[in-house]
Every structure is written in C-alpha cells, then in structure tokens.
Amino acid sequence: MVTMTDEKWQAIIGNNSVYDGEFYYAVITTGIFCRPSCKSKPPKPENTTLFNTADQAISAGYRPCKRCRPRGLRVPDEEWIASVTDYIDRSISNRSLTLKVLADISHGSPYHLHRTFKRVTGLTPVEYIRQRRIGKAKELLLSTELSVAEAGACAGLPNASYFITLFKKITGLTPAEYRRLSGMNESEGLHDDK
C-alpha cells in the first residue's frame, strides 16, 4: 500500500492524469479502485486506500472501475450489477437512492447502468428498488408494531399516500390488509398445529 499525501489527494480530487500508473486509489465503501484521473465522484479521504499497482488492489479484493478501467481491466457486467444490488440492499432505507447516485457509487454513467442493470436483472434500477422497499415494508409490517406510515418511512418511502398506492400496486393489498391477512394466516397456522 501507498501512504496518502496531500499531493496524491489533490491528484485524486483534481482527476490528474499525470499520476496515472504511479498509484491507484480504492474506495473502501464501494469496493472499487480507480486511476487518479477517474472522473467519478471523489471519495472521502477516510474511505480511500492507495496501492502501487492494479494487481495489489485486486489482491486486496477491490474491483476495477467501469468508468476509468484502470490498466485496461474490465469488470464483467454481472459482477458490476451485483455490486450495485448489494449497495441497494444495504441502503434500502436511504431515500436518496437515485440512478445518478447509483451510477456515481458504481463508477458508471446513468445510461449505461440503467441499460446493463435491466439486461442483467430483468428490472430497471427503479423497479428493483421499489420491490426491495416493498419487501422491507412487508417484513416491518409483520415483525413490528410500527404504523403503516412508519413502516413505509423505514423502508425508504416516507410519503404515506405514495407508499400505500405502491404497496397495493405490487401486492394487490393495502399495507393494513396485508398485515391483517398475514396475521390471520399465522393464527390459523397455529390452530392447525394443535
């Protein structure tokens, strides 16, 4: 590994191509490494690790950036999209999960990410996020005493009206109906065991 200096940090935030090949920077929170000239959103200094070579970054478990392709390396689309879905799954309560945010953290363009995500998963990123949020809300409705609005907010859908409409569109039931019917099914299951 390489020690972070002010000069190297300035090269990263300035996208300075003069430093390409001298070192590579990896972003701990995304698991991706880049050349200093990469045009992706600059990482936080505390989330940045430096390496002398691309091979060292790969050995440490980092994936090459899709945008700057350090040393010509390419990430298979399936692996790239898996890293994006992992990020979505970890951040599902985050209300600011947008295509632009996902493109920035995965070091790709919004257009390319949208097209590749749909090809790999069969869903657009927005459809995937909606499904995951409704899944999280279903879990909260059954396992907590949160109100419908609170469950929606915890799942990243703070507008109660929109949450109820989306929930019904995806499941065929309102959140309250889902909670009530699932509760009845559980109690019927308990009686069947006796």
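The values are calculated or read from the model by the stated rules, or taken from the named source; none is laboratory data. Computed from a predicted model, the values in this text were never measured in an experiment. Reconstructed Cβ throughout: ideal geometry from the backbone, glycine too, with neighbour counts over all protein chains shown.
For the stretch 104-131, a residue qualifies if it is in a helix (DSSP H, G or I) and touching a residue at least 60 places away in the same chain (Cβ under 8 Å), and the qualifying residues are D104, I105, S106. I'd like to verify a number: residues in the stretch 33-60 that are touching a residue at least 24 places away in the same chain (Cβ under 8 Å) and under 18 Å from the mean Cα position of the chain (by Cα), how many? The total comes to 5. Give just the number: which of (1) in contact (Cβ under 8 Å) with a residue 40 or more places away in the chain; (2) closer than 30 Å to G122 by Cα; (3) hydroxyl-bearing (S, T, Y) does S91 not satisfy? For S91, the exception is condition (1).
To keep it simple, each residue is scored yes or no on (1) touching a Cys at 6+ places or on another chain (Cβ under 6 Å); (2) outside the structural domain of L140 (by TED's automatic domain parsing); (3) in a helix (DSSP H, G or I).
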position: G61; (1), (2), (3): no, yes, no
position: K66; (1), (2), (3): no, yes, no
position: V84; (1), (2), (3): no, no, yes
position: I88; (1), (2), (3): no, no, yes
position: S96; (1), (2), (3): no, no, no
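Within the stretch 132-165, the set of residues being surrounded by fewer than 21 Cβ atoms within 10 Å (Cβ to Cβ), more than 21 Å from the chain's Cα centre (by Cα) and touching a residue at least 12 places away in the same chain (Cβ under 8 Å) comprises L142, V148, A149, A160, I164.
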